[in-house]
């Protein structure tokens with residue numbers, strides 16, 4: 001794992017955007033496409049804006065395919081929707097074809113939405129073992145990531161790629177999340193988090209990952225390459 005703690009938000013955003021662009025270029029060279037999975041929360045919002053502003057013309061958006069690691073079971077226009085903020089701050093501002101955007105359809109019944117999203121992932125990769133080029137993840141104060149929360153049955157889910165989640169977190173609503181079968185098969189994972197309000201969780205994940213796995217779902221994430229960027 002590569003851990004970097006930045007003194008300022010500006011540095012954090014610069015390095016994060018640079019890394020995403022670097023992985024994008026690698027993926028285009030190797031596979032002629034870039035599969036990107038986004039997360040919600042406040043931390044990625046200024047990063048979305050920066051990419052839209054500084055990288056729109058550097059990226060061939062026709063070769064970029066966007067998914068979400070999790071979604072709150074709310075209307076897509078709700079301020080609590082992960083999709084809404086990614087679309088508003090990034091996707092609506094760049095030249096990406098609408099067909100390249102794989103939204104979790106929260107207008108469907110909860111279980112059906114999870115099933116349909118899993119089918120979309122399998123159909124896109126043509127395998128039940130998808131390997132995303134890059135997944136962006138956050139870390140909650142309780143150590144959750146995506147919508148994988150401490151003590152959840154999904155921490156030991158070995159079959160499904162996507163699953164519904166009973167009301168959890170803030171806001172306290174049902175959710176839909178990918179499982180470790182997706183996260184742990186990624187080529188690259190980039191955790192993005194503020195530091196000061198999550199210091200204990202982050203320090204333990206970085207310094208004693210095996211112990212942290214017992215408490216924090218984020219510590220259980222594996223991938224070929226993991227980056228953890230945080231800012232003070």
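The values are calculated or read from the model by the stated rules, or taken from the named source; none is laboratory data. Predicted model, so just to flag it, every value in this text is computed and none were measured. Methodologically, a virtual Cβ is constructed for each residue, glycine included, from the backbone with ideal geometry; neighbour enumeration extends over all protein chains shown.
Can you pull out the residues in the range 94-119 that are in contact (Cβ under 8 Å) with a residue 40 or more places away in the chain and closer than 14 Å to residue 69 by Cβ?
Within the range 94-119, 104, 114, 117, 118 qualify.
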Where in the range 143-230 are there strands (runs of 3 or more DSSP E), lying fully within it, with 3 or more residues that are more than 26 Å from residue 5 (Cα to Cα), touching a helix residue (DSSP H, G or I) at 6+ places or on another chain (Cβ under 6 Å) and at pLDDT 95 or above? 162-168
Among the numbered criteria (1) modelled with pLDDT of 95 or more; (2) surrounded by fewer than 17 Cβ atoms within 10 Å (Cβ to Cβ); (3) closer than 21 Å to residue 195 by Cα, which one does residue 19 miss? (2)
Among the residues of the range 27-52, how many are part of a helix (DSSP H, G or I) and either free of Cβ contacts under 8 Å to residues at least 24 places away in the same chain or under 19 Å from the mean Cα position of the chain (by Cα) (or both)? 12
Whichever residue in the range 111-124 is out of contact with any strand residue (DSSP E or B) (no Cβ under 8 Å at 6 or more places or on another chain) and farther than 19 Å from residue 72 by Cβ and, among such residues, is surrounded by the most Cβ atoms within 10 Å (Cβ to Cβ): 122
Taking the conditions exactly as written (closer than 30 Å to residue 33 by Cα, over 18 Å from the mean Cα position of the chain (by Cα) and surrounded by fewer than 20 Cβ atoms within 10 Å (Cβ to Cβ)), does residue 158 satisfy them or not? yes
Exactly one of 42, 56, 32 is surrounded by fewer than 18 Cβ atoms within 10 Å (Cβ to Cβ) and either in contact with a strand residue (DSSP E or B) (Cβ under 6 Å, 6 or more places away or on another chain) or modelled with pLDDT under 95 (or both), and that residue is 42
Please state which one of 72, 103, 93 is modelled with pLDDT of 95 or more and either surrounded by fewer than 14 Cβ atoms within 10 Å (Cβ to Cβ) or over 19 Å from the mean Cα position of the chain (by Cα) (or both). 93
Residue 83 passes all but one of the listed conditions (1) surrounded by 16 or more Cβ atoms within 10 Å (Cβ to Cβ); (2) part of a loop (DSSP other than H, G, I, E, B); the exception is number (2)
Restricted to the range 1-16 and to residues being in contact with a helix residue (DSSP H, G or I) (Cβ under 6 Å, 6 or more places away or on another chain) and in a helix (DSSP H, G or I), the residue surrounded by the fewest Cβ atoms within 10 Å (Cβ to Cβ) is 13
Go through the residues of the range 102-121 one by one and say whether even a single one is outside any loop (DSSP other than H, G, I, E, B) and touching a helix residue (DSSP H, G or I) at 6+ places or on another chain (Cβ under 6 Å). no
When the residues of the range 122-135 are filtered to those that are out of contact with any helix residue (DSSP H, G or I) (no Cβ under 8 Å at 6 or more places or on another chain) and in a loop (DSSP other than H, G, I, E, B), which remaining residue is farthest from residue 159 (Cα to Cα)? 126
